[in-house]
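For reference, the structure is listed below as structure tokens.
The values are calculated or read from the model by the stated rules, or taken from the named source; none is laboratory data. The structure displayed is predicted, hence computed values, not measured ones. For neighbour counting, all protein chains shown are included, and Cβ atoms are generated from backbone atoms with ideal geometry for every residue, glycine included. What goes into the accessible areas is simple: the full protein's heavy atoms, side chains included, and nothing from ligands, DNA or RNA. Shrake-Rupley method; radii C 1.70, N 1.55, O 1.52, S 1.80 Å.
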Amino acid sequence: MLCGGSRALQHLSDYHHHHHTSIGLGFCGAKIVQLSSFFLRPSQAKASCNFSHRLRHRVIPSSGFHYKTSGETPILHNCFSQREDDHELPTDGSTPVSGGIVALGKFDALHVGHRELAIQASRIGTPYLLSFVGMAEVFGWEPRAPIVAKCDRKRVLTSWDSYCGNKAPVEYEIEFASVRHLTPREFVEKLSKELRVCGVVAGENYRFGYKASGDASELVRLCEEYGIGAYIISSVMDKKQDSQKRDSRDSKDRGQVSSTRVRQALAAGDMSYVSELLGRAHRLILQVSTGDMQTERRVSVPRSALLNLPPGNGIYKACLILAGDGPSVPCSVVVDTSCIHVETEELQLCNSDWSQEFQLWSVEFG
């Protein structure tokens, strides 16, 4: 069920531009891209940073995307990531990401594009995902369910372990309000002097700084100035034949894999497409109480008890339910406007004692 399969970390070798081909599930692989008249490469790192690779006029071969599958409710505490203000800084001023390589982006879906950033970060050093929290509150956006449940993100990141040379990335969270007004220079200065990172990895379309005024080329220039390695990779493209037919309201959508595309595919109930974009089966997390049990083989959970985004209304076969501490059980799922109905044909859903007010169950859509 998890993204799996051991995979040796690929050797970084010289490639010409015509060697960049699409493989795996129909996505273009990542490479170090050229902006303006120069190749992006690690800048001269600080003496304390030990980069394992020096890429000069090199293209990173694609890692491939092979995988195996098997709103209103309070979100459980985040047991896997670290916030900027979670702990007092050590006396030497270091942070949990000091000396590491941070991937920059919006990591809502943790899709294959995000995974590629983590892969490249892991090839250089210790990988982290630098996430910003509280953006919706700052901009006044309408609340919406996350694609990956807060309590399920560690499982997803752990499943990337074999892709990342047995170095699963860890998320490090920063309150968006604390960096919103930083200029591009001030942001890079924060990475260098406060967070003390050794390098950053970002996509070619990455924007940063106040009002997104900085682009990838400026990120490289500023990182060079502050002694941070900067690695820019090409976007992971969605090569699905009908992808261009899908209505996208995102003006930034240039055909790349994105969280917007994942949300659209979920709304359409196209779970095969969702799996390709995510690189894994979508997992829905439910808070189930005894009152939700209709029979030993059927449970109906209100939408208010969902911890992340369900697919669109419809009937879904070939799913798996993981109930309590029991084994996964084949099931069918019906999604309607008010509830998620899960039913098995042969096995009981749960034999646990209900000592807790509710249990967390998971549904994977095959």
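Taking Rh as the Kirkwood radius, which is the inverse of the mean 1/r over Cα pairs, what is the Rg/Rh value for segment 102-143?
1.10
Averaged per residue, what accessible surface does segment 111-220 expose to a 1.4 Å probe, in Å²?
38 Å²
Report the net charge of residues surrounding Ser332, where surrounding means a beta-carbon distance below 15 angstrom and charges are Lys +1, Arg +1, Asp -1, Glu -1.
Net charge around Ser332: -2.
Provide the three semi-axes, in whole Å and in decreasing order, of the ellipsoid equivalent to segment 114-230 as defined by the square roots of 5 times the Cα gyration tensor eigenvalues.
Largest first, segment 114-230 gives 23, 21, 12 Å.
Count charges around Val112 for me, please; just the other residues with Cβ under 13 Å from its Cβ, Lys/Arg as +1, Asp/Glu as -1.
Residues near Val112 contribute +2 overall.
Just how many pairs of Lys in segment 155-304 have C-alpha atoms closer than 25 Å, counting pairs that are eight or more places apart or on different chains?
7
Grab the beta carbon distance between Lys317 and Thr337, set R0 = 25 Å, and tell me the FRET efficiency rounded to 0.05.
0.80
Once label points are set 7 Å from the Cα along Cα→Cβ at both Arg155 and Ser328, what is their separation, rounded to one decimal in nm?
Once both label points are built, they end up 0.9 nm from each other.
Under the 0.36 nm per residue contour assumption, what length would be gained going from the current alpha-carbon distance of Arg298 and Ser272 to full extension?
Using 0.36 nm per residue and subtracting the Cα-Cα distance, I get 6.9 nm.
For Phe358 and Thr183 in one chain, what is 0.36 nm times their gap in residues minus the Cα-Cα distance, to one decimal in nm?
58.4 nm
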